[in-house]
1. Considering only the stretch 119-135, state which residues are crowded, with 17+ Cβ neighbours inside 10 Å and touching a Ser or Thr at 6+ places or on another chain (Cβ under 6 Å).
2. Which one of Tyr208, Tyr250, Tyr220 is assigned by TED's automatic domain parsing to the domain that holds Glu178, surrounded by 20 or more Cβ atoms within 10 Å (Cβ to Cβ) and either touching a helix residue (DSSP H, G or I) at 6+ places or on another chain (Cβ under 8 Å) or under 30 Å from Ser183 (Cβ atoms) (or both)?
3. Is it true that some residue in the stretch 215-230 is among the β-branched types (Val, Ile, Thr) and in a helix (DSSP H, G or I)?
4. Being of a type in the set (Lys, Arg) and part of a loop (DSSP other than H, G, I, E, B) is true for just one of Lys167, Lys200, Lys204, Lys236. Which residue is that?
5. Given the criterion of a type in the set (A, V, I, L, M, F, W, C) and under 15 Å from the mean Cα position of the chain (by Cα), identify the matching residue among Met180, Met146.
6. Identify, please: which residue in the stretch 223-247 is surrounded by 18 or more Cβ atoms within 10 Å (Cβ to Cβ) and hydrophobic (A, V, I, L, M, F, W, C) and is, among those, farthest from Tyr38 (Cα to Cα)?
7. State all residues of the stretch 156-192 that are among the small types (Gly, Ala, Ser) and closer than 18 Å to Lys126 by Cα; if no residue qualifies, say none.
8. Out of Lys112, Lys130, which single residue is in the same structural domain as Ser248 (by TED's automatic domain parsing), in a loop (DSSP other than H, G, I, E, B) and more than 23 Å from Glu227 (Cα to Cα)?
Amino acid sequence: MFKRIKKFFLIVFIVFLFVFSSILLWVSTNYSVPIIMYHNVGVGDKYENIWVTVDNFDKQLNFLERHKYNVISMDKLIDMISKDVAIPRNTAVLTFDDGEVNNFVNALPVLKRHGLTATFFVPPAKIGKKGRLSWEQLRTMHEGGMDIGSHGYNEAYLPDLPEAEQKNEIFKSKEILEKMLGSKVNHISYPVGGFSEQIKTIVKEAGYTSASTTNRGTDYRNKDVYELNRIRLSNKDDNDFLLWIKFSGYYNVFRKGKNPH
């Protein structure tokens, strides 16, 4: 009887070790730093999924502060991914698309109050247009510690363009931003998230060190720095449970990916 009980507990222990080690392996191999994507900070009466109020934006950053997240620059993230080093949990990256003027008026003061940095992806052809950032505002942001990246020259959907125009969108935007800001532009985000292997090749040729998409492609672990999946935050993300899910580092595993183009 004693031997049977001993054997039973031995089997249970072995099963427990197997399950526990499998969980640890899954956790270690499926974690990816949450790269957050914003568009507009303010009050919008439409396109709710790309708007967040100033108050909710502040609350989302408060969540990071309360839970001791380390918000790093895109440069630092790419360096760590490229060197294949273990990235500490509770790490996050903040990004903004489109170059809306409310990023300067509403988002920048909140970021500065929290002592955080972010990458702002902008299309040079739209700078200074109605509702968009000016060059003066961009320089102020850049000089204040924010990173400026490319969002294509005209913000055009790249997969729909012939190769020559794809190259123009990708190369020209980098050229102009670097000239006007007087510093290197290392990162690009694909407008509407669309990309292809050809587009990735052009991005590499242009000298970018990373390219961000939305939730497109199959690399949900973000090992390929030229198709980085990002997680959108909006005004709907207004409680700690939702924020915990999106900042967990495992959100990409469970959401449905889209075709790259």
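The values are calculated or read from the model by the stated rules, or taken from the named source; none is laboratory data. Owing to the predicted nature of the structure, the values given are computational and were not obtained by experimental measurement. Cβ placement follows ideal geometry from the backbone for every residue including glycine, while neighbour counts extend to all protein chains displayed.
1. The answer is Thr119, Phe121, Pro124.
2. Answer to the check: Tyr208.
3. No; the residues of the stretch 215-230 include none that is among the β-branched types (Val, Ile, Thr) and in a helix (DSSP H, G or I).
4. Matching residue, one of Lys167, Lys200, Lys204, Lys236: Lys236.
5. Answer to the check: Met146.
6. Val225
7. Ala156, Ser173, Ser189
8. Lys130
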